[in-house]
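A.B. asks: This structure is in structure tokens; I'll ask about it shortly.
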Amino acid sequence: MKVTFRISRYDPETNEGSYVEDFLLEVEEYELTEVTVLDALVEIKEDQDGSLTFRHGCGHGSCGSCAVLINEKNRLACETHLDDLELDEKTVVEVSSLPGFPTIKDLVVDMDNFFRNDRLARPFISGEDERSGPTETEQTPGELRRILEATECINCGACTASCPTYWENEGYLGPAALVRAYRWMEDSRNSEIEERLAALDDEKDGVWGCNKFFNCLEACPKEIDTVGIIEALKRSVITS
Amino acid sequence: MEIFEHDLLIVGGGAAGLRAAIAAREHVDDVGIISKVNVLRSHSVTAQGGISAPLGNTGEGVDDSWRVHFEDTVRGGDGLVDHDACEILTKGASGTVLELDNMGVPFNRTEDGRLDQRPFGGHSLPRSLYAADRTGHGITYALYGENVRLDNAVYNEFFLLDLVADGARVNGLTAYNMKSGEVVGFRGKSVVLATGGCTQAFAHTTSGAASTGDGLGIAMRNGIPLEDMEFIQFHPTGLPGSGILISEAARGEGGYLINDDGERFMKRYDPEKMELSSRDRVVRGMQREIERGKGIDGEDYLHLDLTHLSRRTLEEKLPTISQIAEDFAKVDPSERPIPVRPTAHYCMGGIPVTLNGRVKGSSWGNTWDNLFAAGEAACLSVHGANRLGTNSLLEAVVFGKRIGAVAGRTAEEGSFGKLPRETLNQQEKYLTELREKDGTVRLGEIKSRLRELTWNKCGVFRNQSDLEEANDEIYELRRTFSEELTLDDRGCKFNTELRSALELRNLLEFVPAVLLGAYKRTESRGAHYREDYPEKDDGNWAVHSYVVRTNEGRYGVDYRPVRNDTGRGTTDEGGE
Ligand SMILES: Cc1cc2nc3c(=O)[nH]c(=O)nc-3n(C[C@H](O)[C@H](O)[C@H](O)COP(=O)(O)OP(=O)(O)OC[C@H]3O[C@@H](n4cnc5c(N)ncnc54)[C@H](O)[C@@H]3O)c2cc1C
Ligand code: FES
């Protein structure tokens, strides 16, 4: 069958603004479980239009390069198989760049601010016994479990791009950076707690910016409990 | 045309580049990291299985020591390991890995809170530390965090175009700033190339889109030889089709390889070590089974059976590969075996360097003053002819640290050289020409022809006539690229087609070194297997190959002996 890929395009070097272009791909029924949206984008780029622009890397959900908006949901193109999309008779797959970030070209967004927020989350171990190594640290399996889910984040941006609060205020750390803040603060090897909590205690840009829209929870391809983690941070801020 | 300036420039933000940047800060305050993808998307994040260190933390491993690790690595390398380099690697392993622990890598733990270790092929004791099967992700993120803490400058999505060299000195680099669309310059007092692997050169590969050997291509164009490029490691267990890796950790945790008869066929090829035999043997065993029609349903793949492992093992130790099996092979590994086949995985060869990472200009050892290489892009000959799993992340961090420190010291003692505007203009002109290529052959077509060529004629099994043909065809592909290529994207900003063309140019530059090395080496050793010369020939071939490109674009090969008298010549960071 023919599947239509309806792709939002934007070329920063013309005055056209953004527009939508359809590309057709012939896909056999049995291939729907095998072909991913990323495979389709690569094939379109190679065979039909080499100027189609998107990011990709590992091809299996590890590097976080390929998050885009597919049929109204932020997802990793490399992990989205065509049969995940419940294509109706129209068999249209709509792909556009992540919302919430400025578009650089076609499906590529500018994530500079996203990574600036990631840096503000202090993604490292710190405190008094900072890098006391190289002796082995002790961490119980239970202590590891506390942070394990948060370590799975691949910085794809799907969550933050789905957050209405972030759309309004890019100073707000957003779910990804807050998950990162939790992951490093709660690591048993880290002992800088109070300063980190104080930095998160901000009405607009810190934990209190979260209005619990829950979009992030739905967007995360790693199914990280973003809202639960932000709530835990809020509790820590209150009790500190 | 902007020019940036840093005492030390590091190209590449994978495990090697990030570790080097941290170490360099002991000597210089101003370090700049340049990466064609956001550093957190570097290929290192996808490393799954683990990183080795002889800590001896588990019952079975208590007798481990650097010496046992050294001996395992030398044995695995099949006669081509340089002992002095391997000694540095294994002696440095425990300390460097414990630093990673202190930096916050989420390594799995034993019940009593120590670092857990699991078995891996070729290692005689359980030695692999692991963060589930996301070890590379844990390590890269922790190293990145340290760089954030140290406030090192990071230039994401800047594509290295060329070195700006002045004799045996490098004054800086030119790069394509993807976002702004401009050619920019970087001036530095010393430069480290940590540009990673190159196995995108093969049709079936576990590596991500960015592993195109750019550093290798750029080295060749600057007259730097490449060492041991015929030694490409094929990994036994990639998914058929996509090539996505199912980590060796699956076999380390007890998985079986099964043929169409339901038989654990490795008993025929290595009855003692079975599935945990060295990668080259497992791959050849698999390939033989496929050739004798024992692939599953007669097809070119076999089965990796994990159904006898406990659910807890799958969930806590192999979660990613369980997910990958479900997403990409549509198999629940607790219920059904996973289809697997050999795929290109790692390059043992690379840019030849001294033990301190200084780039060599030739096989007889003249070196560049202030140009260094580290990580998978470099060849320190610690892996010899065949790398053991978990040893390459280790190499990236042990030598990343060591080389970063020496490069930092070199920068501290050095000064800035000239970076003439003209070099930027030349690159700008080249990019414009490339963008406007208007021939008849599409980029994707040349790339897939190249990748099929290497796979079919210089893959797991090699022979003279295939390699002869391949040597001719590669020149034809090089010609097609320069004369007949066409590109669609004429834009300057974020032109990913242009970037792919630059990558393909680099692939076409170094692949002849792989083919020539393989053609000349008339023996079988480690990952290099010649059907027409199936025996190892230590009398003639216990040597490292050096392929160099002449100005006329022809390739020549030269050799140097292996350094295999243990202990001799080991230099510490003080001298060379
Ligand atoms: C799927 C897979 C799993 C693996 N698992 C393991 C494992 O469990 N244990 C183990 O020890 N090893 C493993 N390996 C091997 C190991 O991951 C790599 O050898 C190692 O990560 C290489 O690190 P690196 O820093 O040298 O390069 P990379 O991590 O590849 O980084 C290269 C860097 O160079 C940059 N770069 C490249 N070209 C340019 C350019 N032209 N301009 C600017 N920047 C550029 C990239 O952006 C990137 O930042 C695995 C490999 C694969 C493919
Ligand atoms: S390409 Fe790496 S996450 Fe999709």
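A.B. asks: Using θ = phi - 60° and the Karplus relation 6.51 cos²θ - 1.76 cosθ + 1.60, list the HN-Hα couplings for the stretch A:148-155 in order, rounded to whole Hz, with x at every Gly or Pro.
C.D. replies: For the stretch A:148-155, the Karplus curve yields 4, 4, 5, 6, 7, 4, 10, 6 Hz.
A.B. asks: Continuing with this model, one more query. Taking θ = phi - 60°, what integer Hz values does the Karplus form 6.51 cos²θ - 1.76 cosθ + 1.60 yield along the stretch B:504-515, in sequence order, with x for Gly and Pro?
C.D. replies: Result, ordered by residue: 5, 4, 5, 4, 5, 7, 9, 4, x, 5, 5, 5 Hz.
A.B. asks: Something else: For chain A, which longest stretch is free of loop sites, where a loop site is one of the GluC sites (Glu not before Pro) that DSSP puts outside H, G, I, E and B and that has at most 10 other Cβ atoms within 10 Å?
C.D. replies: The answer is A:129-202.
A.B. asks: Moving to a separate point now. Using modelled amide H (1.01 Å from N, peptide plane; none on Pro or chain starts), what sits under 5 Å from the amide H of residue A:65, excluding residues fewer than 5 places away?
C.D. replies: A:57, A:58
A.B. asks: Given Cα pairs under 8 Å that are at least 6 residues apart, what percent is the relative contact order of the stretch B:168-248?
C.D. replies: 20 percent
A.B. asks: Considering amide H positions built from the backbone, and no H for Pro or chain starts, which residues 5 or more places from residue B:127, or on another chain, come under 5 Å of its amide H?
C.D. replies: Close amide H contacts, sequence-distant or interchain: B:118, B:120.
A.B. asks: Using a Förster radius of 25 Å, what is the FRET efficiency between residue B:168 and residue B:30 based on their Cβ-Cβ separation? Nearest 0.05, please.
C.D. replies: Between residue B:168 and residue B:30 the formula returns 0.60.
A.B. asks: Further, regarding this structure: Cα centroids of the stretch B:274-301 and the stretch A:201-219: how far apart, whole angstrom?
C.D. replies: Cα centres, the stretch B:274-301 to the stretch A:201-219: 51 Å.
A.B. asks: Quick one: which residues, 5+ away or cross-chain, put their amide H under 5 Å from the amide H of residue A:126? H built at 1.01 Å from N.
C.D. replies: Placed amide hydrogens put A:191, A:192 under 5 Å from residue A:126.
A.B. asks: Let me ask something additional. Quick one: Karplus J couplings for the stretch B:65-76, per residue in order, coefficients 6.51, -1.76, 1.60, θ = phi - 60°, nearest Hz, x for Gly and Pro?
C.D. replies: Coupling constants for the stretch B:65-76: 7, 4, 5, 5, 4, 4, 5, 4, 5, 5, 4, x Hz.
A.B. asks: In straight Cα distance, which lysines are under 23 Å from residue B:520, not counting same-chain residues fewer than 8 positions off?
C.D. replies: Within the straight-line cut-off, residue B:520 pairs with B:360, B:457, B:536.
A.B. asks: Now for a separate question. Normalise the Cα radius of gyration of the protein assembly as shown by 2.2 N^0.38 Å (N = residues in it) and let me know the number.
C.D. replies: 0.89
A.B. asks: Eigenvalues of the Cα gyration tensor times 5, then square-rooted: what semi-axes does that give for chain B, in whole angstrom, largest first?
C.D. replies: 35, 28, 23
A.B. asks: Tell me the per residue accessible area of the stretch B:239-318 using a 1.4 Å probe; a whole number in Å² is fine.
C.D. replies: Spelled out: the 1.4 Å probe surface of the stretch B:239-318, per residue, equals 43 Å².
A.B. asks: Could you check the simple spin-label distance between residue A:213 and residue B:264, using points 7 Å along Cα→Cβ, in nm with one decimal?
C.D. replies: Going by the 7 Å Cα→Cβ label model, 5.4 nm.
A.B. asks: Another question about this same structure. What lysines could a cross-link reach from residue B:429, if we take a straight Cα to Cα line under 18 Å and drop same-chain neighbours fewer than 8 places away?
C.D. replies: In chain and number order, the partners are B:437, B:493.
A.B. asks: Calculated from DSSP H runs of 4 or more alone, at -39500 (n - 2.57) each and per residue, what is the 222 nm mean residue ellipticity of chain B, nearest 500?
C.D. replies: -11000 deg cm²/dmol
A.B. asks: Counting only C-alpha contacts under 8 Å and six or more residues apart, can you give the relative contact order of chain B as a whole percent?
C.D. replies: 22 percent
A.B. asks: Over the stretch B:237-342, what is the relative contact order in percent, taking alpha-carbon pairs closer than 8 angstrom and at least six residues apart?
C.D. replies: 32 percent
A.B. asks: Give the percent of DSSP beta bridges with both residues in the protein assembly as shown that are antiparallel, rounded to the nearest 5.
C.D. replies: Given both bridge residues lie in the protein assembly as shown, the antiparallel proportion sits at roughly 70 percent.
A.B. asks: Past 30 Å, Cα to Cα, is the threshold; run A:2/A:73; A:45/B:401; B:179/B:447 against it and keep the listed order.
C.D. replies: Pairs exceeding 30 Å: A:45/B:401.
A.B. asks: Another question, then. Choose one answer from A:119, A:75, A:180: the residue with the largest mean-square fluctuation in a GNM of chain A with alpha-carbon springs under 10 Å.
C.D. replies: A:119
A.B. asks: For the stretch B:421-533, what size does the Cα cloud have along each of its three principal axes, sorted from largest down, in whole Å?
C.D. replies: 50, 32, 21
The values are calculated or read from the model by the stated rules, or taken from the named source; none is laboratory data. Note that the structure is predicted; figures quoted are calculated from it, not measured. Neighbour counts are summed over all protein chains in view; Cβ atoms, including those assigned to glycine, are modelled from backbone coordinates with ideal geometry. Accessible surface is based on the protein model in full, side chains and every heavy atom, while ligands, DNA and RNA are left aside. Shrake-Rupley method; radii C 1.70, N 1.55, O 1.52, S 1.80 Å.
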